[in-house]
Structures are given as structure tokens and as C-alpha cells.
Amino acid sequence: MYFSQAIQRRFAGRFTAIKQPAASGAPAQRDPAVIETVTGMLQRIRAEGLTAVTRYAAELDGYDGRPLEISREEMRDSGAALSPELRSAIELGAARTAAFAEESCKSLKDLEVELEPGLVAGYRYVPVQRVGAYLPAGRFPLTAGAFMTVNVAKAAGVPTVVACTPPQPDGGPNPAVLYAAHVSGVDRVFLLGGVQALAAMAYGLIAETPVDMLVGAGNAFVAEAKRQLFGGVAIDLLAGPSEVAVIADGSADPEIVAADLLGQAEHGPDSPAALITTDADLAARVGAEVDRQLATLATAHIAGPAWCDHGSITVAADRETAAALMDDLAPEHLEVQTTDDDWYHSRLTAYGSLFLGPWSTVAYSDKGMAGTNHVLPTAGGARHGAGLSVSRFLRPLTYQRISRAATPLLADAVEVISSSEGMAAHRATAVLRTRRLAEGVGEPSSGGPVARA
């Protein structure tokens, strides 16, 4: 995650790189070896069905042959394995995420408008009917993943949400992930991970009917599987390594800034973290503070390489330059810690989710406590896309209703355009209606049926 050639030319002399990523360029989003592996797995699963799914599950995840579907009783009782504090925190995250999603849903209203007398057009929001959610539980089980996928889909009115989560070393599901899915309203959960889980949901191998949409985070293999399955199913987005960026001025606390950079860097050794500041002294202090915190951080073996290879610190000449550089990065998570937070909020246009002020940290959203969704675009995808929300599960399906009297408002122009294109059948659909109009066909009559040709 660093600046484009275009932005470097445009702002030459207006910023200084204090620390650049040691790795060249952005982390690779598509590894040829990953693509080849996923392609082979999907081909085999298409050919062999559930047999291939369970074989991959045994080879890759240690699946022990127990029933793939987790019973509703096991889902319900999964909370008993958790501490009361963790159970309460999960319930709070589910409730808060649902509340934000439900309020968001209220702003999406059906529309009907009469554009001309007798010409009515509109749309109504209809939810996707079947969603498949992937709930990872690898090195760091993403407990809040179900809040962002299952919970939000249910708030959007999706009738059926199935989920897959990989087995743990003991052969069963992660109880916190399972309980989060349960309180989020999941309909069915299956003990499957990785590519085989997504394929099983997309091909209808485990829940009788293929899902219409796949959602949820995962590793490079999961992301590649979603990319290859797209078209047969919808997907939320293609996410790469988690990213964080901070805009800060001299008012920011270097300890807080450093902690927030490392908070996302610990997602993985290829997770970018960037600071853009208008204060050279803060830049130096944050760099030193990152080193100090890494010395005692339990996950320094992950966050340290991420910071070394993909971390950056840049000093910008002014806030205009800082904002332009940050829009060029288009990070997944963006924190603003300045005396001009409102100015940056109105100026910035490219980010997955924005965290304003020193009291806002990405971790609050990551764990579901802020209510907003943490499934967000990475690798510059925020320039043209947005994160998962209720609107992604709702399809605005358009319709039109045209009266007999409004026919000349449409048919005459359609006849002209169709003739110019040489599309005779299109022209005929309009001409026939114009002719019926001239013949009086369809005129309302007193007491009798409408006349037909």
C-alpha cells in the first residue's frame, strides 16, 4: 500500500517518505500457485461432489467424519463453553450490529414515480433468497464475522442463511464463532473450511439448494475461490490482507497512533499500515513508539514483519496534500486524529470505513461494537467500491406500468430509434401498439369487456 506514480508526480516536493515498505509494491493479491490450486479443487468438487468436499476437509482441516451439519442444539448450547463475559460481549456485538443494519434498512425505500401521465416507473427492494456465510476460525478466530454477514443478511430480510466454519484441533467448531452465528440468527451451520466450504455452498452440496450469494472473510484460497465462483453466485467483495491508515497532526498521541497501526498489522505479516502526518516530529515519535511497543507485543512475530515489509510513514506539507495522498491509498480502515477532523471527513472520498477522533479505533468495528460492518474493500478497492451492508443483500428490482393513453409518449420514439438501428422486431412491438391505439382497440366500453384484436 503506497502511492501511485501519478500522485507522486502531482505532489512532488510536497511530501517526504520517512519510512517506506521494505517489500516492493503492494502485497500480492493473486498468487499464481493459489489460483492453480483453487482451480483444481473446484474442478474436482464439480466432478465428484460431496465426496471430494469431505476428502479435502479431511486432508486440509483434519475433518474426522462426524456429521457435517451442526445441530441446532449444539449451536444453542455453544455459549455454555464460554465465559459469561465473552458470552455477553458476543450478544452485545450481535445486538449492536443488528441495530445499525436495521436502521440502515429503513433508509432504503421502495420508489414509484409517474414520469408522464400514464407512465409509471419504480423499484422495490427484494432480498437475496439464500446466502452462504464463511466464518473463518484459523490462527485468529474472527468471532465478529457472523455479526457482519449472518446478522446483516437477516436484518435485510434474507430468508435463508447457511454458514460454514472449519473444525478446530478437537474436531468440533470454535464455540465462540458458533455462538456468534447462533445469536446472529443463522439457519444452518456446517463444519467445513476453506475452498471446499465455499464450493459446497455454491454448488448446493450441503444444503440441498445452491446459495445465491457468498459472503465473509478468509485467506488467499478463500478469496480466490470466491473470485472463481463469482457469476454462478454473487459475492460481497474480494478482500486481501487487512489494512489500516492514520492521518494525524501534531495534536495526536504517538502512543495511540502506534498502537492503532499495530492493531491491524497483527492480522498478518502482509498487512499494510500507513501513517500520513503533517507534523515531522510526530512522525519520528510514532516510529520510535512502534518499535517500543513491538518489543513487548505478544504478536510481534506477526505485526513486526508486517510493519517492516508493509508499513510506511509519510510527512505531508499540508492537509490538502495529506488528504490527496490518503485518497490515493484508499485504505480499508482509515483513522483521522487531528484538530481538523470535520474538514478531513468532508474532503476524503476513498476508504472502506472511517474512524474520526482519537477515541475511535478500528478494533471497535473489528469486534462488532461500533455497529458498522468490517467486511471492507482492500488493495485500493475503496476507490470504486464499498463495504458489506444491508444494501448488498437487497436488490432494487425495477418495474414499469404504462397506460394505453401514454403509448404515444414511448412508441413513436422507440419506432424511430429501432428503425435507425435496423432492429425490426423491436420496431414492431411499438408499431403494433400504435396501430391498436389508432384502431381504438382497448378503448374502455360501457359494461362490456375490453375489445381485443
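Might you check whether a residue that is in the same structural domain as SER360 (by TED's automatic domain parsing), assigned to a loop (DSSP other than H, G, I, E, B), within 26 Å of LEU376 (Cα to Cα) and not hydrophobic (A, V, I, L, M, F, W, C) occurs anywhere in region 317-325? No; the residues of region 317-325 include none that is in the same structural domain as SER360 (by TED's automatic domain parsing), assigned to a loop (DSSP other than H, G, I, E, B), within 26 Å of LEU376 (Cα to Cα) and not hydrophobic (A, V, I, L, M, F, W, C). Answer yes or no as to whether ARG383 is farther than 27 Å from PRO21 by Cα and surrounded by fewer than 17 Cβ atoms within 10 Å (Cβ to Cβ). In short, no. The residue pairs whose first member lies in region 290-313 and is within 18 Å of PRO254 (Cβ to Cβ), whose second member is among the β-branched types (Val, Ile, Thr) and not in a loop (DSSP other than H, G, I, E, B), and whose beta carbons are closer than 7 Å, counting only pairs six or more residues apart or on different chains, are TRP307/VAL290; ILE313/ILE18; ILE313/VAL286. Taking the listed residues ALA176, ALA137, the one that is in a loop (DSSP other than H, G, I, E, B), under 29 Å from PRO84 (Cα atoms), assigned by TED's automatic domain parsing to the domain that holds ARG87 and touching a Ser or Thr at 6+ places or on another chain (Cβ under 8 Å) is ALA137, with no other qualifying. For region 102-118, the condition of being under 25 Å from the mean Cα position of the chain (by Cα) and of a type in the set (A, V, I, L, M) holds for at least one residue. Looking only at residues of region 179-235 that are touching a residue at least 40 places away in the same chain (Cβ under 8 Å), in a loop (DSSP other than H, G, I, E, B) and under 18 Å from the mean Cα position of the chain (by Cα), we find that the one that is surrounded by the most Cβ atoms within 10 Å (Cβ to Cβ) is SER184. The set of residues in region 153-173 being in a loop (DSSP other than H, G, I, E, B), among the hydrophobic types (A, V, I, L, M, F, W, C) and either touching a Cys at 6+ places or on another chain (Cβ under 8 Å) or under 20 Å from VAL222 (Cβ atoms) (or both) consists of ALA156 alone. Checked against (1) outside any helix (DSSP H, G or I); (2) touching a residue at least 12 places away in the same chain (Cβ under 8 Å); (3) not basic (Lys, Arg), VAL150 passes all but condition (1).
Of all residues in region 323-356, those being out of contact with any helix residue (DSSP H, G or I) (no Cβ under 8 Å at 6 or more places or on another chain) and small (Gly, Ala, Ser) number 1. Applying the set (1) over 30 Å from THR361 (Cα atoms); (2) modelled with pLDDT of 95 or more to SER389 leaves exactly one unmet item: (1). Taking TRP343, is it touching a residue at least 12 places away in the same chain (Cβ under 8 Å), more than 21 Å from the chain's Cα centre (by Cα) and surrounded by fewer than 17 Cβ atoms within 10 Å (Cβ to Cβ)? Considered against the rule, which asks whether it is touching a residue at least 12 places away in the same chain (Cβ under 8 Å), more than 21 Å from the chain's Cα centre (by Cα) and surrounded by fewer than 17 Cβ atoms within 10 Å (Cβ to Cβ), TRP343 comes out as yes. Here LEU108 fits the description: farther than 22 Å from GLY216 by Cα, assigned to a loop (DSSP other than H, G, I, E, B), of a type in the set (A, V, I, L, M, F, W, C) and out of contact with any Pro (no Cβ under 6 Å at 6 or more places or on another chain).
Inspection of region 61-78 finds a residue satisfying the criterion of being of a type in the set (Lys, Arg), more than 27 Å from ALA220 (Cβ to Cβ), without any contact (Cβ under 8 Å) to a residue 24 or more places away in the chain and assigned by TED's automatic domain parsing to the domain that holds TYR203.
The values are calculated or read from the model by the stated rules, or taken from the named source; none is laboratory data. Not measured: the values here are computed from a predicted model. Here Cβ is always computed from backbone atoms with ideal geometry, including for glycine, and neighbour counts include all displayed protein chains.
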